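Asker: Just passing along the structure, written as structure tokens.
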């Protein structure tokens, strides 16, 4: 019996697994950031900045992982995975808090997610 290798998996499944990995990294980074805020003298004003930094890093990671497992067009795969990451993040926020604010700020965050994903995709496709 022949085992299925990762390269033989469908591209969509590989990207979903890579998005799950990026969300797992996000959870770990948020926990570490919370511990840092709790046990140091860092001001609470850093909460928003830290969340943005963690999100941009995680989106770029998702783009890099999805592009690395792909064969070509790393920037496109990264951009799509970045937008998908942000959409899922909005859906999680809606399910957790019951609020969904769609407007200029949400559109801008989708653009930031796409740009971070594109950068991550370019890096990921070149890591092969």
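Only the coordinates and a few stated rules stand behind these numbers; no lab work does. What you see is a predicted model; the values in this text were computed from it and never measured. Ideal geometry is used to build each Cβ from the backbone, glycine not excepted, and the neighbour counts take in all protein chains shown.
Asker: Please state the shape class of region 82-128: rounded when a/c is under 1.5, otherwise prolate if a/b exceeds b/c and oblate if not, all from the C-alpha gyration tensor.
Answerer: Oblate, since a/c reaches 1.5 and b/c is not below a/b.
Asker: With only alpha-carbon pairs counted, each pair once and no self-pairs, how large is the Kirkwood hydrodynamic radius of region 50-124 in angstroms?
Answerer: 12.1
Asker: Among 22-30, 58-66, 103-111, 74-82, how do they line up from the highest to the lowest mean number of other beta-carbon atoms within 10 Å?
Answerer: Output ranking for 22-30, 58-66, 103-111, 74-82: 58-66, 74-82, 22-30, 103-111.
Asker: Turning to a different aspect of this structure: If each DSSP helix of 4+ residues adds -39,500 (n - 2.57) and the sum is divided by the residues in the chain, what number results at 222 nm, nearest 500 deg cm²/dmol?
Answerer: Values: 4 runs with 100 residues, N = 128.
After summing the helix terms and dividing by residue count, I get -27500 deg cm²/dmol.
Asker: Further question: At 37 °C and 0.692 mPa s, what whole-number value in µm²/s does Stokes-Einstein give for the translational diffusion of region 28-71, with Rh from the Kirkwood sum over Cα pairs?
Answerer: Here the translational diffusion coefficient equals 280 µm²/s.
Asker: Given that compact globular proteins tend to follow 2.2 N^0.38 Å, what is the ratio of the alpha-carbon Rg of the chain to that value?
Answerer: In units of the 2.2 N^0.38 Å rule of thumb, it is 1.16.
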